[in-house]
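The values are calculated or read from the model by the stated rules, or taken from the named source; none is laboratory data. Everything quoted here is computed from the prediction, not taken from an experiment. As a convention, Cβ positions derive from the backbone with ideal geometry for all residues, glycine included, and neighbour counts pool all protein chains shown. For accessibility, only protein heavy atoms count, side chains too; no ligands or nucleic acids. Shrake-Rupley method; radii C 1.70, N 1.55, O 1.52, S 1.80 Å.
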Amino acid sequence: MKRFLPVLFLFFITGITAAQNGILSGTVTNAVSNEPLPFVTILVNDTLYGTQTDIDGKFLIEKMTPGLYNISFTYIGFKKKTIYEVQVTNAVPLALNIQMEEDAGVLDVVTIKATPNDKTDESPTSLKTIGTNEIQRNPGGNRDISRVIQSLPGVTYTPSFRNDIIIRGGAPNENRFYLDDVEVPNINHFATQGSSGGPVGMINVDFIQEVAFYTGAFPAADGNALSSVMEIRMREGRKDAAGGTTTLGSSDLGITLEGPTGKNSSILFSARRSYLQFLFDALGLPFLPTYNDFQFKEKININTKNTLEFIALGAIDQFALNTKDDTSAYQKYILDNLPVQEQWNYTVGAVYTHYRSHGYAKVILSRNMLKNDAYKYLNNDESVSDNLLYDYTSTEAENKLRYTEYWTAKGFRYSAGIQYMLSRYTNSTFQKIPFGADVLTIDYQSKLFTHTYGVYATAAHTFWNVLDANIGLRADGNSFDASTRNPLNQISPRLALSYALTPNWSINANTGIYYQLPAYTVLGYRDSLGTLVNKENNVTYISATHFTLGLEYRPEKNVRFTLEGFYKIYDNYPFSLRDSVSLANLGADFGVIGDEPVTSTSKGKSYGIEFFAQQRLYKNFYGILSVTFVRSLFEDKQGDYVASSWDNRSIIALTAGKKFAHDWELGVKFRYSGGLPYTPYDVQYSTLTYVWDINHQAVPDFDQLNSERLKPYHQLDMRLDKKWYLDKVNIDVYLDVQNVYAYKVQLPPILDVVKDVNDNPVLNPDDPSRYQVSYIDNESGTVLPSIGVVVEF
């Protein structure tokens, strides 16, 4: 009998979840004035559920069966709005705050026109939106937005455990992230300073309402980006009662708490702690990472005309070497060249919104800071001070003010804003590096204060109810030097057009010039005399000119097809004088990028075509197919265009899932990528004794920049979920398996040197100035299963 108890319990739980106690409520308001909209028709698609808002714009639907639903909102004179995959449960009443847009194209004819979330006046192309359920269930995504977007067109997938976001052939440092209008410099743990990315995301998916991901056609309000902008919208905390979510995953434990703080306010708070270090120690890996993160949001609805939000995001990352486990050549190699690193960062901000009858204004105040420490001793022996090879301490702090206005008048839609930022950068660097025939010691301290400012304006109008046009202009400046100080040198015009060929077909286009300031590591680099070297080198803003043309087809609800072509032209990219390589080829590795002398002389280009097909949840099925063909080229030191480090040429991603009876769900994700180029080693130089004694790793031969290429690689991920919707709690148990068929990709072999029984390098008998060469096989790819439990109460 005992063996049947678990089965009986499962059926008992399944029976309980059949109860129809789900509650869906909320408020519908005018997106411009925030005035409540009465008598809005609300339909739960493909069901008999439906209602209307009352005179205060509020609605309530009770006794719903738990599950995912698509909700449509229609109102005469406004664009129809559909919210996809709304999760209704017995335990937690769901409240939606919906903002609807007036249909400016309506004149004397009464129509209800759909307004998809993945298309705006400024961004009719290159915009994709992702909901919280899409993030949570993504196979192999580990509830991490940086991994989930790898299913979208134009996003490069690499055989690495890092979360570098590489878009349309651009480098990882060309992206910007916003959390409820507050800029967050990086959204990953163990970030690469001067770039972005890291192995684990910081954003708590339980906070997310929707993510807007732009791979081009960036909003004019979001400056300083060349490849992508990610706008993350967080939901509000519960207002009916206190609640929360606990998450136990394969690498961390997290908790989210929420509830009302007053009649018209609520909070969300989360904390997470990893236990990867214990797993890595048990597996005998050479490094032991630990990460912690915290997230907070409070929303105060002062009245219908004024709201106030407070947000915070922070992380503490620690890293230790596992020197007791150095049994293999690979582990010894990693321990020889990997520095010890500790890092912390935070972002805090406040957003005040004031609504008027035909517009609104926002004031956004924020501060963010990063502290990055790293050091390395020869043979990891810290007892001898002369063994110090690398000692790095740096901080970045930014204080920002943004003011934006949006208003409508006579069928036109306008926006304008100003921005200001006071930043402080500090750096203390000691490093020994081989340079030519000598060992160069870099030893400097730097402190740099800069003022950054920007202004923008846009105007949009719908002509003849078929043509949406948006024109914008932005200008940016920075106090770094005379060139960057003048905003007229960074004028950023942009134009977006969308023409409805039929109700289902449209042609969309966008063009613009975008500017990005080089990283603080570049701007703040000094020599031993204290000279700002890159100021003397006339380093300036990087520019990228985008051209995008697309065709879109929406045959029926929940279905979308797009075909887009793009062309990007880069100018003034930082070019390393030390290594003679564009910094556009760097960034997808740990460490620091840009802490060296450079010039703004590098040029590049990328171009390609993308196909995207999406079936949102319909009759318990969903799927996404994206196919990208891309070329990414940058100049080498001879001025010739060669493949960049992100030129993988072809990318295919297919994600699909099916919901079954009794709340089972199965999802699969297949990804294919052409092999990325890489630069071969300079073996003769790398194995010189004085070079190897400092580096303990090979030096790339940039005379052969990206002349070799990896083989294509692919991976299949699967995820199985079982959910229980109880009266007081929701439970989700999942099994996620990455790389199901254990595909292994051969990475460039690791250049090492022969060592004796005491682990001392062995001299080359034919050339005593060098060590004997050996190679370590560098293969990546293993089956990675993980089990998780999510409990919502």
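Points to keep in mind about this one:
- Residue in the range 249-264 that is within 30 Å of residue 352 (Cβ to Cβ), among the basic types (Lys, Arg) and in contact (Cβ under 8 Å) with a residue 12 or more places away in the chain present: no
- Positions within the range 446-457 being open to solvent by less than 70 Å² (accessible area, probe 1.4 Å) and either within 17 Å of residue 397 (Cβ to Cβ) or out of contact with any Phe, Trp or Tyr (no Cβ under 9 Å at 6 or more places or on another chain) (or both), in sequence order: 446, 448, 450, 452, 456
- Which listed residue, of 731, 787, is closer than 30 Å to residue 270 by Cβ and loosely packed, with under 15 Cβ neighbours inside 10 Å: 787
- Output for the range 156-171, where each listed residue is surrounded by fewer than 24 Cβ atoms within 10 Å (Cβ to Cβ) and of a type outside the set (Asp, Glu): 157, 158, 159, 160, 161, 162
- Note on the range 484-603: enclosed strands (runs of 3 or more DSSP E) holding 1 or more residues that are closer than 25 Å to residue 650 by Cβ and open to solvent by 20 Å² or more (accessible area, probe 1.4 Å) are 505-516, 542-553, 559-576.
- Of the criteria (1) over 13 Å from the mean Cα position of the chain (by Cα); (2) crowded, with 22+ Cβ neighbours inside 10 Å; (3) over 28 Å from residue 373 (Cα atoms), which one residue 194 fails: (3)
Matching residues to (1) touching a Gly at 6+ places or on another chain (Cβ under 7 Å); (2) open to solvent by less than 50 Å² (accessible area, probe 1.4 Å):
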{"residue": "672", "(1), (2)": "no, no"}
{"residue": "686", "(1), (2)": "no, yes"}
{"residue": "699", "(1), (2)": "no, yes"}
{"residue": "712", "(1), (2)": "yes, no"}
{"residue": "720", "(1), (2)": "no, no"}
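- Single unsatisfied condition, residue 302 versus (1) open to solvent by 20 Å² or more (accessible area, probe 1.4 Å); (2) modelled with pLDDT of 95 or more; (3) under 29 Å from the mean Cα position of the chain (by Cα): (3)
- Assessment of the range 60-79 against the conditions (charged (D, E, K, R), under 22 Å from residue 627 (Cα atoms) and either at pLDDT 90 or above or open to solvent by less than 20 Å² (accessible area, probe 1.4 Å) (or both)) yields no matching residue.
- Reported count of residues in the range 168-186, each being within 11 Å of the chain's Cα centre (by Cα) and in a loop (DSSP other than H, G, I, E, B), is 2.
- Pair list, Cβ < 9 Å and 6+ apart or interchain, from the range 701-724 residues that are farther than 25 Å from residue 748 by Cβ to residues that are part of a helix (DSSP H, G or I) and charged (D, E, K, R): 719/137; 721/137; 721/663; 722/663; 723/663; 724/663
- Breaking point among (1) assigned to a strand (DSSP E or B); (2) in contact (Cβ under 8 Å) with a residue 60 or more places away in the chain, for residue 223: (1)
- Some residue of the range 753-765 being at pLDDT 95 or above and buried (at least 18 other Cβ atoms within 10 Å of the Cβ): no
- Residue 233 open to solvent by 40 Å² or more (accessible area, probe 1.4 Å), of a type outside the set (Phe, Trp, Tyr) and within 26 Å of residue 173 (Cβ to Cβ): yes
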